[in-house]
1. Among the numbered criteria (1) surrounded by 13 or more Cβ atoms within 10 Å (Cβ to Cβ); (2) among the basic types (Lys, Arg); (3) assigned by TED's automatic domain parsing to the domain that holds Gln157, which single criterion is violated by Arg427?
2. Determine, yes or no, whether Asn134 is touching a Phe, Trp or Tyr at 6+ places or on another chain (Cβ under 7 Å) and not hydroxyl-bearing (Ser, Thr, Tyr).
3. For Asn134, all conditions in the list (1) polar (S, T, N, Q); (2) in a loop (DSSP other than H, G, I, E, B); (3) under 26 Å from Ile450 (Cα atoms) hold save one; what is the number of the exception?
4. Within segment 207-232, can you find the residues that are modelled with pLDDT of 95 or more and part of a loop (DSSP other than H, G, I, E, B)?
5. Just one of Ser40, Ser35 is touching a strand residue (DSSP E or B) at 6+ places or on another chain (Cβ under 7 Å) and in a loop (DSSP other than H, G, I, E, B); which is it?
6. Go through segment 47-86 and give me each residue that's in contact with a Ser or Thr (Cβ under 8 Å, 6 or more places away or on another chain) and under 21 Å from Glu423 (Cβ atoms).
7. For Thr4, work out the one condition from (1) part of a strand (DSSP E or B); (2) over 20 Å from the mean Cα position of the chain (by Cα) it doesn't fulfil.
8. In segment 404-414, how many are β-branched (Val, Ile, Thr) and surrounded by 15 or more Cβ atoms within 10 Å (Cβ to Cβ)?
Amino acid sequence: MPATITDTLRQQIARDFFERFEQQTHNYYVGIGRSQPWDSNETVPTPINSPDEVSKLRNALQSIKKVKSTSLVVPRNNWSNGRIYSPYDDTVAGYPTQPYYVKNDNNQVYVCLETGRNRLGVAQPSTVEPTGANHSSFRTADGYIWKFMYTISGSRQEQFQSSNFMPVQKQFSVDSNSTGIELKQKAVQDSAIPGQVLSIALTEGGTGYTSIPTVTITGNGVDAKAVADIDSGAGVVSRIRIKDSAHPSGPGTTAPLAHGNGYTIAFVTISGGGGTGAKARAILPFSDSGVGADPRVDLKTSSVMFHSLLEGNDSDFLLGQDFRQVTLFKDPLNRQGAKVIANTASCLDFMRLSNTLNGFTRDKIIEGQTTFAQAYIDDIDSDKIYFHQDDETGFTAFQDGEIIEETTGPGQGIIDSALIQSEVDRRTGDILYIDNRAPVERTAAQAEDIKIILQF
């Protein structure tokens, strides 16, 4: 039988995931790894969600860093002059092709309640950028109705805003330490009006209309009002707009809009005007608390972003080496079987040499002259060689006292201690995300700003 996963479930999963992080019941880490090339052309493969691919990722893992911040996020829609925006619509699943919310140049976020239309009912491009932090909805000169939601602070922009996503949050409480942005958002949330009729969607234009008909909104709420226009040449109702309460003749641009309140059921009747058959429906909020009470609901938030900043001098992270994979771990364990809690941790095993006859080079393959064991060199630190093995090298163990040589270079030395294990057990921890990419070389002068988005 036909079935579907609802937007509500997706949103709930994302919020539950985010709340578990906030409660610190689990430890999440960003990991980087894979120093060896993808192939001779560095063609980046699409990650495959299979046990074999996960095992390969674990083998090549270099280092991990604890995730200290996360946020709910939604697709980023910058307001753009000349673009048509959809109205907020309680019948639409997912995100419409034309976005129904925007972020302006001041990082203020608005929901579009009504699309600007000409008298013939044709949707018009938005030409007036919404601004200001009004508690109530407002109409701009291009006919659009907007509702302010919140402002993205500078710190949250830095952590959770990317080219494709922007952060969303609900302000649960404020105190004397709250910022102006937080205070304003809480005020907007608290002033949300339950059960407003946000707009009227015209579903059928009817026939035979020679004058403007009357629009009547009935239901279990009060004070919602709307006005119609007709295309006299075609004899149809062409548009219906929420009435400006200060101008009975029709909508204006500055006065309060007659959305009413208290509606959970609303019906629209179109009468008079000499015609018949015009039909319309009332659009109500997603939430019983009203638009603006919870931006997570209003923006259909179903994604979580993890942010981690890998700084050049982070301990346990290699310098002068590159990486090609980024991953998100939950609850990796140390060699003693306890959860890793450190800010950073190395995932590479190493050997200690008693003698270096010729210097070794990163990214070369070393081979034991007794065991014929092979491994990739990830890093060299004095008498230590950090290495990893994979399916190509095999997993034969090196031996204390054996000579090792580079397979394609002059490097040569004698092993003192063949295996000193990393502090992290790479076989542990749930891998939640894999990102394959072109090589990124780490230097002390740079930082890698990693934003991982889980979409439900």
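The values are calculated or read from the model by the stated rules, or taken from the named source; none is laboratory data. Source: prediction; values computed, not measured. Here the Cβ positions follow ideal geometry from the backbone for every residue, glycine too, while neighbour counts run over all protein chains shown.
1. So Arg427 meets the others, but not (1).
2. yes
3. In the conditions (1) polar (S, T, N, Q); (2) in a loop (DSSP other than H, G, I, E, B); (3) under 26 Å from Ile450 (Cα atoms), Asn134 misses (3) alone.
4. Gly208, Tyr209, Thr210, Ser211, Ile212, Pro213, Asn220, Gly221, Lys225
5. None of the others qualify; the one that does is Ser35.
6. Leu57, Ala60, Leu61, Gln62, Ser63, Ile64, Lys65, Lys66, Val67, Lys68
7. Here Thr4 meets the rest and fails (1).
8. Taking segment 404-414 first, the residues β-branched (Val, Ile, Thr) are 404, 407-408, 414.
Now narrow it down to the ones that are surrounded by 15 or more Cβ atoms within 10 Å (Cβ to Cβ): 404, 414.
So the answer is 2.
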